[in-house]
1. With respect to the numbered conditions (1) touching a residue at least 24 places away in the same chain (Cβ under 8 Å); (2) over 25 Å from Thr110 (Cβ atoms); (3) open to solvent by 10 Å² or more (accessible area, probe 1.4 Å); (4) of a type in the set (Val, Ile, Thr), which one is the sole condition not fulfilled by Ile333?
2. Would you mention how many residues in region 109-123 are in contact with a helix residue (DSSP H, G or I) (Cβ under 9 Å, 6 or more places away or on another chain) and open to solvent by 60 Å² or more (accessible area, probe 1.4 Å)?
3. Suppose we keep only residues that are of a type in the set (S, T, N, Q) and open to solvent by less than 20 Å² (accessible area, probe 1.4 Å) within region 127-163. Which one would you say is farthest from Met258 (Cα to Cα)?
4. Counting residues that are among the acidic types (Asp, Glu) and on the phi < 0 side of the Ramachandran plot, which helices (runs of 4 or more DSSP H) fully inside region 65-176 reach at least 2?
5. Taking the stated definitions as given, is Thr265 touching a Pro at 6+ places or on another chain (Cβ under 6 Å) and within 28 Å of Glu81 (Cβ to Cβ)?
6. Suppose we filter region 164-192 for residues that are in contact with a strand residue (DSSP E or B) (Cβ under 8 Å, 6 or more places away or on another chain), closer than 19 Å to Gln112 by Cβ and either open to solvent by 10 Å² or more (accessible area, probe 1.4 Å) or among the acidic types (Asp, Glu) (or both); how many remain?
7. Restricting to region 285-341, name every residue that is in a loop (DSSP other than H, G, I, E, B), β-branched (Val, Ile, Thr) and either more than 15 Å from Ala139 (Cα to Cα) or in contact with a strand residue (DSSP E or B) (Cβ under 9 Å, 6 or more places away or on another chain) (or both).
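The values are calculated or read from the model by the stated rules, or taken from the named source; none is laboratory data. The shown structure was predicted, so the numbers you read here are calculated from the model rather than taken from an experiment. Glycine also receives a Cβ, built like all others from the backbone with ideal geometry; neighbour counts cover every protein chain displayed. Accessible surface areas use protein heavy atoms only, side chains included; no ligands, DNA or RNA. Shrake-Rupley method; radii C 1.70, N 1.55, O 1.52, S 1.80 Å.
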Amino acid sequence: MTRSLAALAICGFSAALGTACDSGQRRREPLEKPNPAVTHAAPAARPKPVPARVAAIGDTAALAPDLRRAFDETGFEPMPEPGPEDWLARHPEKPQSFEDYLRADRNVPTPQRNVIYLLPVGRFAATAPLTDLATIVHAFFTIDVKTLPPVNVGDVTAKTRINEYTKKRQLLAPELLGWLKQRLPDDAFGLVAVTTEDLYPDPSWNFVFGMASLKERVGVQSFARQDPAFFGEPRPAGWQMLARRRATWTLVHEISHMFGLTHCTYWRCVVAGSNHQEEADRSPLHVCPVCLRKLYSAIKFDPAAREDALAAVFGRLGINDEAAWSAARATWIRQGVRMAR
């Protein structure tokens, strides 16, 4: 029955086109010569199709002007075609539009659960100071962030292995997440372990930068591979800045998953997947308009004030390109004026 109805629809469409075509292409001589003074209106131009990445933002017509500007796509870069070793080439994923997100089973902060906790696991070097990371997370998600006392790696219930390439210890990330679930504070929206131990998600994988549960409100991030010393390489001048940027990317990426965001496939975005460090380094530290609208629906922040806070913390930490981006976005959201970055 479905096939028959589909055929009828197609045939009907084709017949209508055929009729129009036939009536416009008769070969008989007209009964009277055409009058050159008579002009015929040109057929109406068909509207250009809306790109999927723009449609994924959803309809913003009913929103206040500042919110429409906050979710405006101008200035964002579309997701490029992936290289052969990039995430989407290796892990094709179903896109998640804003409407898809609203229909999903997801977590949102509540008055009872409105704190993001950071839990240091193991020895913590100066790769990326936790106070800086906590400040970034607070500005990014606009809810309270607290750091718990550190725990020893031996206190974590998770399998370990020695990586065959680096010859260094790794923790099995899914088991670490299971251990974290039992330690969620009562007022926690989410709990994220941060560690300098390397991670792996499955015996068949080499490593993973981090992992988070879309539903269980827990995540883990590793700083191990963000430090050149992990690979036995000398630390170049300014390596702490690069490490801080990489730690920021992984941390806000994983926490975004805890809000129910899947990997972004539409724009260059901090929530997009990464299969290797070079790909992660190409990623911005800001969200695209699709993912920003998802976070806004979950948290209900002031978008311009959020960008102000991000510009301030990024500027203080020397991440100047992102500071300029956020400052320009704040001006655009408030005033509708674009600033050169």
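1. Only one criterion is unmet by Ile333, namely (3).
2. At the first step, the residues of region 109-123 found to be in contact with a helix residue (DSSP H, G or I) (Cβ under 9 Å, 6 or more places away or on another chain) are 109, 116, 118-123.
Right, trim to open to solvent by 60 Å² or more (accessible area, probe 1.4 Å) and you get 123.
So the answer is 1.
3. Of all residues in region 127-163, those of a type in the set (S, T, N, Q) come to 127, 131, 135, 142, 147, 152, 157, 160, 163.
Next, from what is left, pick out any that are open to solvent by less than 20 Å² (accessible area, probe 1.4 Å): 127, 163.
On the way: Thr127: 24, Asn163: 28 Å.
Of everything passing the filter in region 127-163, Asn163 is farthest from Met258 (Cα to Cα).
4. Numbers: elements: 65-70, 87-90, 98-103, 130-141.
Filter on region 65-176 gives 98-103.
5. Values: touching a Pro at 6+ places or on another chain (Cβ under 6 Å): yes; within 28 Å of Glu81 (Cβ to Cβ): yes.
Judged against the criteria, Thr265 is a match.
6. Total satisfying the criteria: 5.
7. Going residue by residue through region 285-341, those that are in a loop (DSSP other than H, G, I, E, B) are 285-288, 300-302, 317-319, 336-341.
Subset that is β-branched (Val, Ile, Thr): 287, 319, 337.
Val287, Val337, listed by residue number.
This table checks each residue for (1) farther than 22 Å from Pro120 by Cβ; (2) surrounded by 15 or more Cβ atoms within 10 Å (Cβ to Cβ); (3) under 14 Å from the mean Cα position of the chain (by Cα); (4) in contact (Cβ under 8 Å) with a residue 12 or more places away in the chain.
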| position | (1), (2), (3), (4) |
| --- | --- |
| Val194 | no, yes, no, yes |
| Ser213 | no, yes, no, yes |
| Ala224 | no, yes, no, yes |
| Pro234 | yes, no, no, no |
| Gln240 | no, yes, no, yes |
| Thr248 | no, yes, yes, yes |
| Leu261 | yes, yes, yes, yes |
| Ala272 | yes, yes, yes, yes |
